Amino acid sequence: MNLYLRYFDKETLVTSVDEAIAFLASIDEIGMNPMLEADIREYVNSDVYFPKRYKVRPRVYFIIIKTEAQTMQDFKEKKAVRPAVAAKERSTSPVILKLNEEKFGWYECVMDFKRVLLVPGTGKFQYRDTRFVVQLKGMSGIDCYNRIVEHLRERVDERSQFPSAKGKNFRFTYLGMAK
């Protein structure tokens with residue numbers, strides 16, 4: 001994994017994070033410090049492949065891009081572009097795979113949502129965090145989520161807000177086969 005760095009007309013392609021930090025330290029305007037160095041090291045070691053930009057001053061940034069290119073010319077000609085299929089496979093998180101896994105049986109689901117309730121003294125409405133826990137038969141986690149949302153929409157104020165099935169406010173556990 002190589003790194004492409006650019007600050008205005010100064011650019012380089014390096015093979016290690018130490019070379020990248022040395023390049024940035026050679027530019028006085030950037031003002032390399034231990035916090036910036038730690039953040040760059042964290043970005044390089046992460047699984048994130050999006051370009052990262054760092055603010056130098058208002059409306060002035062330098063950019064770091066992870067690349068497979070071996071030379072600057074390869075990078076400029078986009079010869080080391082990551083294939084879209086591989087990127088798609090990496091983007092599918094384990095949560096989404098588990099959510100769509102079809103396994104008929106009983107599920108216990110917990111949903112935390114924002115419910116609109118009338119405040120009796122004022123006559124005004126407010127959002128209240130509400131936890132809904134249920135055990136139901138379903139084909140998959142997403143099937144259970146859809147059935148819960150459909151059930152709640154019929155029984156709570158239409159302005160209530162339901163979480164994403166992929167978020168932390170919806171959890172489910174497979175309990176076993178239906179009898």
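The values are calculated or read from the model by the stated rules, or taken from the named source; none is laboratory data. Everything numeric in this text was worked out from a predicted model, so none of it was measured. All Cβ positions, glycine included, derive from the backbone under ideal geometry; neighbour counts span all protein chains shown. Accessible surface is based on the protein model in full, side chains and every heavy atom, while ligands, DNA and RNA are left aside. Shrake-Rupley method; radii C 1.70, N 1.55, O 1.52, S 1.80 Å.
In region 85-95, the condition of being among the aliphatic types (A, V, I, L, M), modelled with pLDDT under 90, loosely packed, with under 10 Cβ neighbours inside 10 Å and out of contact with any Lys or Arg (no Cβ under 9 Å at 6 or more places or on another chain) is met by at least one residue.
Residues are listed down the side, and each one gets a yes or a no for (1) closer than 25 Å to Lys79 by Cα; (2) open to solvent by 30 Å² or more (accessible area, probe 1.4 Å); (3) modelled with pLDDT of 90 or more; (4) under 27 Å from the mean Cα position of the chain (by Cα):
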{"site": "Arg6", "(1), (2), (3), (4)": "yes, yes, yes, yes"}
{"site": "Leu13", "(1), (2), (3), (4)": "yes, yes, yes, no"}
{"site": "Ser26", "(1), (2), (3), (4)": "no, yes, yes, no"}
{"site": "Met32", "(1), (2), (3), (4)": "no, yes, no, no"}
{"site": "Arg41", "(1), (2), (3), (4)": "no, yes, yes, yes"}
{"site": "Ser46", "(1), (2), (3), (4)": "yes, yes, no, yes"}
{"site": "Tyr49", "(1), (2), (3), (4)": "yes, yes, no, yes"}
{"site": "Ile65", "(1), (2), (3), (4)": "yes, yes, yes, yes"}
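Scanning region 112-131 turns up one or more residues that are open to solvent by less than 70 Å² (accessible area, probe 1.4 Å), touching a residue at least 24 places away in the same chain (Cβ under 8 Å) and of a type in the set (D, E, K, R).
Tyr145 meets all of the listed conditions (1) under 20 Å from the mean Cα position of the chain (by Cα); (2) under 15 Å from Asp112 (Cα atoms); (3) modelled with pLDDT of 90 or more; (4) open to solvent by 20 Å² or more (accessible area, probe 1.4 Å) but one, namely (1).
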